[in-house]
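Following: one structure in structure tokens, then a few remarks.
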Amino acid sequence: CCEYTGVDPSNVDVMMGTFTKSFGGMGGYVAADRGVIESLRRDCAGSAYHGSLSPVVCQQIISSFKVIMGEDGTSIGRRKLTALRDNSNYFRMRLSDMGLHVLGNYDSPIMPVMLYNPTKIAAFSRECLKRGLAVVVVGFPA
């Protein structure tokens, strides 16, 4: 996000993200100064009751970063990110054209679509899957 918005990461107090959706792995990360990290480790249930990432998942994430950054000697990562951005923007535009209330930002593949009726969530997921579109549905208050 810092690179995308032109923000210097040294100006951000806490950075966090997920490896689950982005990399098909599990878990995530929090990066901050030592005091914040020590407090999180001491006071957060997730730190106390959750297991660490497996070496296989860690390697999967590292390998993904290398492809994205071009350290594998190819431009596959750059091309895939460009295609993901372009496809996401097209999809978002078409959803909006259909009259759906789509939240979030352009250039992001994460598109919250507001259904406003909890009973429609499962049917929406099934109808998308019938059309070859895999979606993750979440109901309030998640």
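The values are calculated or read from the model by the stated rules, or taken from the named source; none is laboratory data. Computed from a predicted model, the values in this text were never measured in an experiment. Don't worry about glycine lacking a Cβ; one is built from the backbone with ideal geometry, like all the others, and counts go over all protein chains shown. Side chains included, ligands, DNA and RNA excluded: accessible areas come from the protein's heavy atoms. Shrake-Rupley method; radii C 1.70, N 1.55, O 1.52, S 1.80 Å.
A few remarks follow.
- If the condition is being touching a residue at least 12 places away in the same chain (Cβ under 8 Å) and either under 19 Å from the mean Cα position of the chain (by Cα) or closer than 16 Å to S108 by Cβ (or both), then the stretch 6-21 contributes V14, M15, M16, G17, F19, K21.
- Summed over the stretch 26-44, residues that are of a type outside the set (S, T, Y) and either touching a residue at least 12 places away in the same chain (Cβ under 8 Å) or surrounded by 14 or more Cβ atoms within 10 Å (Cβ to Cβ) (or both) total 10.
- Test: residue in the stretch 45-56 that is hydrophobic (A, V, I, L, M, F, W, C), surrounded by 12 or more Cβ atoms within 10 Å (Cβ to Cβ) and over 25 Å from Y106 (Cα atoms): yes
- Top-ranked residue in the stretch 1-32 [being among the polar types (S, T, N, Q) and in a helix (DSSP H, G or I); ranked as farthest from S63 (Cα to Cα)]: N11
- Residue that is open to solvent by 70 Å² or more (accessible area, probe 1.4 Å) and within 21 Å of the chain's Cα centre (by Cα), where the choices are M69, M111, M98: M69
- In the stretch 72-93, of all residues being open to solvent by 50 Å² or more (accessible area, probe 1.4 Å) and aliphatic (A, V, I, L, M), the one that is farthest from G17 (Cα to Cα) corresponds to M93.
- In the stretch 84-123, the residues that are farther than 18 Å from E3 by Cβ and of a type in the set (V, I, T): V102, V113, T119, I121
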